[in-house]
Amino acid sequence: MIAVTATGIFGALGVAALATVVPALWRWTQLFSTFVHETGHAVVALLSGRLVTAVEIFFNGGGCTTSYGAPGPLLIPVTAAGYAAPPLIGLALVAALVNGASVSTLLLIALLPVVAILVLSRNLGAVLVVGTVIAALAILIHRAGPISQTIAVLIAAWFLLLAGLRDNIE
């Protein structure tokens, strides 16, 4: 485990805050938040026994996950999961780091749902966003050192916490 100083923690927060509040940056970083949001819908839909057939991400920051199955109360958590996913994933990353999880292992684990969403991607926006996430993970796993990996995960955690807050306020 890499010990991160307060400077690293608050530096990561600063980068994530800029990516969340500066309109020119949010225009693009919002697509990552949308990706996590749609992944939340897809994962909970699958866990509730629904068939997920498509994930779409639109360049205006919107998205759509299509699933089929029995209607009823199980649709409530499927719907809620999208809004909860970014901050919950952010908290999970922080908890994993605080508890000494291997950052390399976190990055490898992240590849599993990302590749699954790539298979479900049904428009250019989703393919480009998911492809970019896969490329970023591959670079972090194969080229970055432990400190860079830790800082990247911290930035992602802060970003998802802040983006989830922004998305739920808007």
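The values are calculated or read from the model by the stated rules, or taken from the named source; none is laboratory data. As the structure is a prediction and not an experimental result, all values here were calculated from the model. Using ideal geometry, Cβ is built from the backbone for each residue, glycine included, and neighbour counts are taken over all protein chains shown. All accessible areas refer to the heavy atoms of the entire protein, side chains included, with ligands and DNA or RNA removed. Shrake-Rupley method; radii C 1.70, N 1.55, O 1.52, S 1.80 Å.
Here is how the numbers come out for the structure above:
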read-out	value
Residue among ALA12, ALA95, ALA19 that alone is surrounded by fewer than 17 Cβ atoms within 10 Å (Cβ to Cβ) and either among the small types (Gly, Ala, Ser) or assigned to a helix (DSSP H, G or I) (or both)	ALA95
Residue check for GLU38: among the charged types (D, E, K, R), open to solvent by 30 Å² or more (accessible area, probe 1.4 Å) and within 26 Å of LEU128 (Cα to Cα)	no
Failed item in (1) in contact with a Ser or Thr (Cβ under 7 Å, 6 or more places away or on another chain); (2) not in a helix (DSSP H, G or I), with ALA101 passing the rest	(1)
Residues satisfying the stated conditions in segment 120-134, i.e. open to solvent by 50 Å² or more (accessible area, probe 1.4 Å), assigned to a helix (DSSP H, G or I) and not polar (S, T, N, Q)	LEU124, VAL127, LEU128
Filtered residues of segment 51-76 (kept if of a type outside the set (Val, Ile, Thr), surrounded by 14 or more Cβ atoms within 10 Å (Cβ to Cβ) and over 25 Å from LEU25 (Cα atoms))	ALA54, SER67, GLY69, LEU74, LEU75
Lone qualifier among ILE141, ILE117 - being surrounded by 15 or more Cβ atoms within 10 Å (Cβ to Cβ), among the aliphatic types (A, V, I, L, M), closer than 15 Å to VAL36 by Cβ and in contact (Cβ under 8 Å) with a residue 12 or more places away in the chain	ILE117
Residue, nearest to VAL43 (Cα to Cα), within segment 108-131, restricted to residues that are in contact with a helix residue (DSSP H, G or I) (Cβ under 8 Å, 6 or more places away or on another chain) and of a type in the set (Val, Ile, Thr)	ILE117
Single unsatisfied condition, ARG27 versus (1) open to solvent by less than 30 Å² (accessible area, probe 1.4 Å); (2) not in a loop (DSSP other than H, G, I, E, B)	(1)
Every pair of residues 6+ apart whose Cβ atoms lie under 6 Å, when the first sits in segment 27-53 and is without any contact (Cβ under 8 Å) to a residue 40 or more places away in the chain and of a type in the set (Lys, Arg) while the second is surrounded by fewer than 24 Cβ atoms within 10 Å (Cβ to Cβ) and assigned to a loop (DSSP other than H, G, I, E, B)	ARG50/GLY69
Qualifying residue in segment 55-75 (condition: of a type outside the set (Ser, Thr, Tyr), at pLDDT below 95 and part of a helix (DSSP H, G or I))	yes
